[in-house]
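Novice: Below you will find the structure I want to go over with you.
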Amino acid sequence: MGHVTSYYSTGLQKYTSFQVHGSQEIRQLCATAGLVLCLSQTQLRGQLRRGLPAFTHSSAQLEDLQCLLPRGDTALLLAGHQTTMVSFDMVRAQQTQLVAVGAHGCAILRQHARLICCGAPTGRVTLRDPSSLRAQHTLDAHSASLNDLDVHNNLLVTCGFSHRGGKPAADRHLMMYDLRMLRAVSTIPVLVDPYLLKFIPSLSSRLAVVSPLGQLQIVETARLATPALSLLSVETAGSMCTAMDISANSQAMAFGDGGGCVHLLTLANQECAFNNYPRHTEFAEPIEPLPAIAFTDRLTPLATVPMAVTSEPLLSDWPSHWCSKLYRKPMKVDPVVLKTMRMVGTIGYAPNPGTRKRNQLPYRLGRPGQRAAAAEPAAATADDPFAVHVPKRYRKIDVKYSRNGLDEMDHLQYNRTSFSGLEASLPNSYCNAMLQVLYCLEPLRETLIGHLCQREFCLSCELSFLFHMLDTSQGVPCQASNFLRAFRTIPEATALGLILSDTLTNRQKINLPRLIQNWNRFILQQLDTECAAPPAEPGGAETAEPAGAGESPVARILGALSRQTTRCVKCGASSEKESTILLCNLTYPPELDDREVSFGQTLAASLCLQQTVQAWCELCGRYQPTEQVRHLLSLPHCLAVNCCTDNPNDLEFWRRQAGLLWPAGAQPESASAPPAPPSIKPCRYGAACTRADCHFWHGGRPAGPPPAAVDDAKRPAPHWLPHTIACQLHQDGTVSIADGDDEGDGAERSVYDLTAVVCHVSDPKFPDKNNLVALVRVGAAYHQRAVGTAVSQWYIFNDLGVTPVSSDEAVWLPLQWKVSTEAVWLPLQWKVSTEAVWLQWKVSTEAVWLQWKVSTEAVWLQWKVPTVLYYQSRRPSPVPAAAAARSVLTADTLLPAASVAARPAQTDQFTPLEPDELPAKGESQAAADRPSEPLCRPPGCRHCQ
């Protein structure tokens, strides 16, 4: 009782709540420009909108108040079941006038332009002068009592009770008066017992009438031939409806019942405002949450927990007889300090031995003899063989750029190969790994290197220029700034969320596996669209399309023709559609079990996908469950696969399948690491140390020189991801895929070799340094161009870093920090025996590889998860060698003479024309000093035509 609560917006969010009076009920509320006026039986309270009290007024004349009426911004009229009406000045907070209203008092006050309407409980309405408050006219509306009245323009409408058979009964007619003639005009019949009524502000001719049971009827005050009937009901749960109000813009109605509930009626599924010109709502400042502290945390100071302000004893207080004061013992002075101390009187001086930082003293908690808790995070230490150690070649490379950029950086510390790395200084450089994969796909590279068109932002043209830079840089890092600038202008890339903000610095918030898989799907579709049209010749004429040129070169390399069959489950209507798929998303079994499933079976089920989805049925005219079955009509030359490993259930599927490959009893034991010998110092890099001559102690490996190299064939490492798969297309459109190539190629059988694996690397010690790396098997064509030797070799591309690795490392997936995202398989004509190149690196890397491989077998499947795979067929390329265009960027394209901004001194000099020398309309000008030559050398340049 006497409590006021305000709510915000249509969701009725609690805004303020305050107590006005301790024992009296609130009889009327009125909101002004700056205050909320609360009227109780004997008191008037003014509250700020934030709930703070502004003033409180009570006097002997305020005996039994019932209603109030604002008069302007500074005055109020207060009346009720008392003989006087009080005029109150809010500026001075005092009463200014008392007016006698009779023995029955005044229960309702309404404002009119020329009158003040006062309703008495007996059913009489008195019209008073606004200036003098004297009675001007009296209307006997109802014979028993008056329930409510409202005024709009020149109409006054009332509802109440009349005597029928000696008893009061509710009038089913509303009394309507014309204030210009001061007499009754007509009555308005209603279907409910009228208890409350109010004019709708935006519809001056309509009234809202509410019954005590919550029934609402909208009636017309104008006489209509066929009045519209509008009835609504408010669910009051049997309580009496006691209050009603309508917003100023007529978009919301509020009802209050006797049970203390507020009912809000608005337009369906639409946000509304309560006022035409609402002001900004002032909210309280949010309370900063206290940091969470673990119950077992012994390092966080207890002073960070605020002490409760209370006069009662705390639960943590111990009885006094259990407590005793103990003082901390002073620390012993370092013997070095005592030895070098020089006494001057009673004060000793000694140099700082430098064993501790300034103002630092060791402070250990715990019992005597107990080892203190380390102040380091609960991460695995470097000497733990079961710790998660991400090798250096997989970690995110943080380069500190100087004023001259990369000119002063020694890039040989990251790359000692003929490949060129890509800088990762731009926001969208997360795609560097995929750009290296596309560059190393020889058929796709030959197609894009000869692409040239006149579109302004063409990703194929930018990739052609980027591939040209990678060909000619000879190991110097490049930057894909032109490609990324054109990439940001593609509307589809922005819609798919592939464009990262320039201000985004926390890589932990980015879902890199999902992002790179969406990027892979987008770039293949974009390249297929851009390469579908024939390139324009330098002179502007288009080349004639050869037979079968309707399919783009990208689709001939990566595309597979498929037939999609759709059948409605309800009506059985079916339809077929042929399309080209450029990418395959791996789908996994919905339920995890211990059944062994090969990678080929999973890939075959994903290529010939069968699923039931909700789709539109033309025959049924609605969305129905639809069965979709995909059959392949041809196999692609390069098979691109999205692993869809951004789901924890899918990662668990990879872990279980990899665990089932180990023979019974051959899985590595999770035994504890042997303690470090007291005479040998532990290595700071632990099991991740890659130095072959490291003589420090490593967890799980004896100190001293590394053990002798062991052949991989004698120590096989099981892996679920195969190096080679064999695909066979059947007549019914299904595909069977087996791991390995024992039978070789056939008429209906294609063998694919793993070419590229894009992995997501997440280091548990540095969760904000997630990384994407690409492991690519570079074919003989590149090595023939670069070093003159037709061999193949696996490399890992990590932005600026390029490192040769073994073939087993591409399929070695410790799924805690390394997640494969994409993979590619390549044909046999580019797959020459890797033994020649591998032997070059085997002497220096095989022993180290086996050293940390043996020590980390206990933590396999922990830190490397695949996301994208690429396989390529061993059959010849679908793009003929004659059709592979030569590079449109010649050697003289990037010469200084081709630039107007930076031209040498011996080039032409330009003299600007004077205003009177400018050519007029219709005149032609020519320069005869020397033959003109184009400033831009590339053929087909759109700026020189």
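Novice: Can we say SER17 is surrounded by fewer than 18 Cβ atoms within 10 Å (Cβ to Cβ) and either in contact (Cβ under 8 Å) with a residue 40 or more places away in the chain or more than 22 Å from GLN66 (Cβ to Cβ) (or both)? Spell out the reasoning first.
Specialist: Numbers: surrounded by fewer than 18 Cβ atoms within 10 Å (Cβ to Cβ): yes; either in contact (Cβ under 8 Å) with a residue 40 or more places away in the chain or more than 22 Å from GLN66 (Cβ to Cβ) (or both): yes.
For SER17, the condition - surrounded by fewer than 18 Cβ atoms within 10 Å (Cβ to Cβ) and either in contact (Cβ under 8 Å) with a residue 40 or more places away in the chain or more than 22 Å from GLN66 (Cβ to Cβ) (or both) - is met.
Novice: May I pose another question? Under the condition of being touching a Gly at 6+ places or on another chain (Cβ under 8 Å) and open to solvent by 40 Å² or more (accessible area, probe 1.4 Å), which residue from region 65-81 is nearest to GLY105 (Cα to Cα)?
Specialist: Start the filter on region 65-81 by keeping residues that are touching a Gly at 6+ places or on another chain (Cβ under 8 Å), which leaves 65-67, 79-81.
Of the ones still in play, those that are also open to solvent by 40 Å² or more (accessible area, probe 1.4 Å) are 66, 81.
Numbers: GLN66: 10, HIS81: 5 Å.
Within region 65-81, the match that is nearest to GLY105 (Cα to Cα) is HIS81.
Novice: Do you know which of the residues in region 158-201 that are among the charged types (D, E, K, R) and assigned to a strand (DSSP E or B) is surrounded by the most Cβ atoms within 10 Å (Cβ to Cβ)?
Specialist: As a first pass, look at region 158-201 and keep what is among the charged types (D, E, K, R): 164, 167, 171-172, 178, 180, 183, 193, 198.
Imposing the further condition that a residue be assigned to a strand (DSSP E or B) reduces the set to 164, 167, 178, 183, 198.
Numbers: ARG164: 12, LYS167: 8, ASP178: 14, ARG183: 10, LYS198: 18.
Among them, the one singled out is LYS198.
Novice: Select from region 782-807 the residues that are surrounded by fewer than 17 Cβ atoms within 10 Å (Cβ to Cβ), among the aliphatic types (A, V, I, L, M) and either under 14 Å from GLN436 (Cβ atoms) or in contact with a helix residue (DSSP H, G or I) (Cβ under 6 Å, 6 or more places away or on another chain) (or both) and list them in ascending order.
Specialist: To start, the set of residues in region 782-807 that are surrounded by fewer than 17 Cβ atoms within 10 Å (Cβ to Cβ) comprises 784-790.
Subset that is among the aliphatic types (A, V, I, L, M): 786-787, 790.
The one that is surrounded by fewer than 17 Cβ atoms within 10 Å (Cβ to Cβ), among the aliphatic types (A, V, I, L, M) and either under 14 Å from GLN436 (Cβ atoms) or in contact with a helix residue (DSSP H, G or I) (Cβ under 6 Å, 6 or more places away or on another chain) (or both): ALA790.
Novice: May I ask you to list the residues in region 310-358 that are in a loop (DSSP other than H, G, I, E, B) and basic (Lys, Arg)? Write out each step before concluding.
Specialist: Going through region 310-358, the residues in a loop (DSSP other than H, G, I, E, B) turn out to be 310-319, 323-334, 341, 345-346, 350-358.
Result: LYS325, ARG328, LYS329, LYS332, ARG356, LYS357, ARG358.
Novice: Examine region 121-132 for a residue that is of a type in the set (Asp, Glu) and open to solvent by less than 70 Å² (accessible area, probe 1.4 Å), and state whether such a residue exists. Give the derivation first.
Specialist: Kept after step one, since they are of a type in the set (Asp, Glu), are these residues of region 121-132: 129.
With open to solvent by less than 70 Å² (accessible area, probe 1.4 Å) added as a condition, the list becomes 129.
The answer is yes, given that some residue of region 121-132 is of a type in the set (Asp, Glu) and open to solvent by less than 70 Å² (accessible area, probe 1.4 Å).
Conditions tested, residue by residue: (1) of a type outside the set (Phe, Trp, Tyr); (2) more than 30 Å from GLN215 (Cα to Cα); (3) open to solvent by 100 Å² or more (accessible area, probe 1.4 Å).
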{"position": "GLU271", "(1), (2), (3)": "yes, no, yes"}
{"position": "TYR277", "(1), (2), (3)": "no, yes, yes"}
{"position": "PHE283", "(1), (2), (3)": "no, yes, yes"}
{"position": "ILE287", "(1), (2), (3)": "yes, yes, yes"}
{"position": "SER311", "(1), (2), (3)": "yes, yes, yes"}
{"position": "SER316", "(1), (2), (3)": "yes, yes, no"}
{"position": "ASP334", "(1), (2), (3)": "yes, yes, no"}
{"position": "ARG342", "(1), (2), (3)": "yes, yes, yes"}
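Novice: Looking at region 239-257, can you tell me whether even one residue there is open to solvent by 90 Å² or more (accessible area, probe 1.4 Å), among the polar types (S, T, N, Q) and assigned to a loop (DSSP other than H, G, I, E, B)? Show your work before the answer.
Specialist: Kept after step one, since they are open to solvent by 90 Å² or more (accessible area, probe 1.4 Å), are these residues of region 239-257: none.
No.
Novice: Looking at region 98-120, which of its residues are within 18 Å of ASP178 (Cβ to Cβ), hydrophobic (A, V, I, L, M, F, W, C), outside any loop (DSSP other than H, G, I, E, B) and open to solvent by 30 Å² or more (accessible area, probe 1.4 Å)?
Specialist: If the condition is that a residue be within 18 Å of ASP178 (Cβ to Cβ), hydrophobic (A, V, I, L, M, F, W, C), outside any loop (DSSP other than H, G, I, E, B) and open to solvent by 30 Å² or more (accessible area, probe 1.4 Å), then no residue fits.
Novice: What strands (runs of 3 or more DSSP E) lie completely within region 566-666 and have 1 or more residues being of a type in the set (Phe, Trp, Tyr) and without any contact (Cβ under 8 Å) to a residue 60 or more places away in the chain?
Specialist: On the way: elements: 574-581, 610-617, 622-632, 638-642.
Correct list: 610-617, 622-632.
Novice: Return the residues of region 134-157 that are part of a strand (DSSP E or B) and under 18 Å from ILE246 (Cβ atoms); say none if nothing qualifies. Steps first, please.
Specialist: Within region 134-157, the subset part of a strand (DSSP E or B) is 135-140, 145-152, 155-157.
Residues satisfying the conditions are ASN147, ASP148, LEU149, ASP150, VAL151, HIS152, LEU155, LEU156, VAL157.
Novice: Right, something else. Restricting region 478-503 to residues that are open to solvent by less than 30 Å² (accessible area, probe 1.4 Å) and more than 14 Å from the chain's Cα centre (by Cα), which is nearest to LEU412 (Cα to Cα)?
Specialist: CYS478
Novice: Mind checking which helices (runs of 4 or more DSSP H) fall wholly inside region 411-520 and carry at least 3 residues that are free of Cβ contacts under 8 Å to residues at least 60 places away in the same chain? Spell out how you get there, then give the answer.
Specialist: Details: elements: 432-440, 442-449, 459-472, 481-488, 491-495.
Fully inside region 411-520 and qualifying: 459-472, 481-488, 491-495.
Novice: Return the residues of region 6-22 that are under 16 Å from LEU44 (Cβ atoms) and assigned to a loop (DSSP other than H, G, I, E, B); say none if nothing qualifies. I'd like the intermediate steps shown before the answer.
Specialist: Step one: of region 6-22, the residues under 16 Å from LEU44 (Cβ atoms) are 18-22.
Once the filter is applied, which keeps residues that are under 16 Å from LEU44 (Cβ atoms) and assigned to a loop (DSSP other than H, G, I, E, B), region 6-22 yields VAL20, HIS21, GLY22.
Novice: Now for a different question. Does ASN147 fit the bill of being within 28 Å of SER204 (Cα to Cα), surrounded by fewer than 20 Cβ atoms within 10 Å (Cβ to Cβ) and of a type in the set (S, T, N, Q)? Steps first, please.
Specialist: On the way: within 28 Å of SER204 (Cα to Cα): yes; surrounded by fewer than 20 Cβ atoms within 10 Å (Cβ to Cβ): no; of a type in the set (S, T, N, Q): yes.
So ASN147 fails the test.
Novice: Scan region 295-308 and tell me whether some residue there is in contact with a helix residue (DSSP H, G or I) (Cβ under 6 Å, 6 or more places away or on another chain) and assigned to a loop (DSSP other than H, G, I, E, B). Quick ask: steps written out before the conclusion?
Specialist: Keep residues of region 295-308 that are in contact with a helix residue (DSSP H, G or I) (Cβ under 6 Å, 6 or more places away or on another chain), which gives none.
Scanning region 295-308 turns up no residue that is in contact with a helix residue (DSSP H, G or I) (Cβ under 6 Å, 6 or more places away or on another chain) and assigned to a loop (DSSP other than H, G, I, E, B).
Novice: Give me the pairs, please: first residue somewhere in region 45-61 and under 11 Å from PHE88 (Cβ atoms), second residue anywhere and open to solvent by 50 Å² or more (accessible area, probe 1.4 Å) and part of a strand (DSSP E or B), beta-carbon distance under 6 Å, and either six or more positions apart or on two chains.
Specialist: GLY46/ALA54
Novice: Conditions first: (1) modelled with pLDDT of 85 or more; (2) open to solvent by less than 40 Å² (accessible area, probe 1.4 Å); (3) not β-branched (Val, Ile, Thr). ALA536 passes all but one, so which condition is the exception?
Specialist: (1)
The values are calculated or read from the model by the stated rules, or taken from the named source; none is laboratory data. A quick note: this is a predicted structure, and the numbers were derived from the prediction, not measured. When we count neighbours, we look across all protein chains shown, and the Cβ atoms used for this are built from the backbone with ideal geometry, even at glycine. Note: areas computed on protein heavy atoms with side chains; ligands, DNA, RNA excluded. Shrake-Rupley method; radii C 1.70, N 1.55, O 1.52, S 1.80 Å.
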